[in-house]
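For reference, the structure discussed in these notes is given below.
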Amino acid sequence: MEKLRALLADAQAWLAAATPREKRLLALAAAGVAVFIAFVSWVSFRSAITKAETTLEEKQLDFEKISRLSSGYGQQEQERQMLEARLRQSPPALMSFVDATAKNAGVEVGGMSDRGVVAGGQNGKPKEMSVEVNLGKVPLDKLVKLLGDLEHSPGVVKVRRLRLRKSFENKDLLDVSLSISAWQGS
């Protein structure tokens, strides 16, 4: 502590004996050091603030992405559960279901053949049963109604293949071949 007091006393003695020019130079040097320290402090704080802002923006973007994905996941999970519930339902007897649906739509079935179980049924996979249907001379509006009725049935019933040809006798009517499948959970 005595050494510090001695150094301080020497500095005061030197400053008292210094010329006005030396005092101005010393004041400018002290001001330069103060400005330099202030600049370094400002740059470091500014850098830290910029880094924090960037991190915050990234986290906000990540949160928005998670929110979008979670809402999409919830919707997909709900669709999956509905499909599983439909798979657990007993599918309609496919041939009689197609025949009854065609009659309700006002469409005459020309021919129908049962292909039986064509896929699945092992290792927990749903089994697919299929029917080939031929329809002759069908107006387009009745065909659209029939297809809608088939696919909005209980269970999971889908039209897998659809082939349309204009009828030779009447160009406003269609000859149609369908492959209709129903799935049942195993």
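The values are calculated or read from the model by the stated rules, or taken from the named source; none is laboratory data. What you see is a predicted model, and the numbers here were worked out from it, not measured in a lab. Because the Cβ atoms are built from the backbone with ideal geometry, glycine has one as well, and the counts that use them run over all protein chains shown. Heads up: the accessible areas ignore ligands, DNA and RNA and are worked out on the full protein's heavy atoms, side chains in. Shrake-Rupley method; radii C 1.70, N 1.55, O 1.52, S 1.80 Å.
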What is the helix-to-structure angle for 140-151, meaning the angle in degrees between its Cα long axis and the longest Cα principal axis of the chain, kept from 0 to 90 and rounded to the nearest 10? 70 degrees
Could you tell me which of the pairs K137/K158; K137/K171; K103/K127; K103/K145; K125/K145; K103/K142 are separated by over 19 angstrom between their Cα atoms in the structure shown? K137/K158; K103/K127; K125/K145
Under 17 Å from the Cα of K59, which lysines turn up, not counting those fewer than eight places away in the same chain? K51
Give me the accessible area per residue for the chain, probe 1.4 Å, as a whole number in Å². 74 Å²
Charge-dipole axis of the chain as Lys and Arg at +1 and Asp and Glu at -1 on Cβ define it, positive-most pick from L164, Y73, S153: Y73
For E84, E128, E108, give me the order by solvent-accessible area with a 1.4 Å probe, most accessible first, ignoring ligands, DNA and RNA. E108, E84, E128
Helix-only [θ] at 222 nm, the chain, -39500 (n - 2.57) per DSSP H run of 4+, per residue, nearest 500, equals -21000 deg cm²/dmol
Roughly what angle does helix 2-17 make with the longest principal axis of the chain, taking Cα atoms, 0 to 90 degrees, to the nearest 10? 70 degrees
Name the long-range amide H neighbours of S167: under 5 Å, sequence gap of 5 or more, or other chain; modelled H, no Pro or chain starts. L173, L174, D175
In the Gaussian network model of the chain, springs joining C-alpha atoms below 10 Å, which of S96, S44, S153 carries the largest mean-square fluctuation? S44
Spacing of the two label points (7 Å from each Cα toward its C-beta) at R21 and V144, in nm: 10.3 nm
Once you have the Cα-Cα distance between I66 and S47, take 0.36 nm times their residue separation minus that, and quote the gain in nm to one decimal. 4.0 nm
With θ taken as phi - 60° and the coefficients 6.51, -1.76 and 1.60, list the Karplus ³J(HN,Hα) couplings across the stretch 106-114 in order, rounded to whole Hz; mark glycine and proline as x. x, 10, 8, 7, x, x, 8, 9, 8
Roughly to the nearest percent, how much of the accessible area of the stretch 143-186 is carbon and sulfur, given a 1.4 Å probe? 54 percent
With θ set to phi - 60° and the Karplus curve 6.51 cos²θ - 1.76 cosθ + 1.60, what are the ³J(HN,Hα) couplings of the stretch 44-59 in order, to the nearest whole Hz, using x for Gly and Pro? 5, 5, 4, 4, 5, 5, 4, 5, 5, 5, 4, 4, 4, 4, 4, 5
Over the heavy atoms of K59, what accessible area does a 1.4 Å probe trace out, to the nearest 10 Å²? 130 Å²
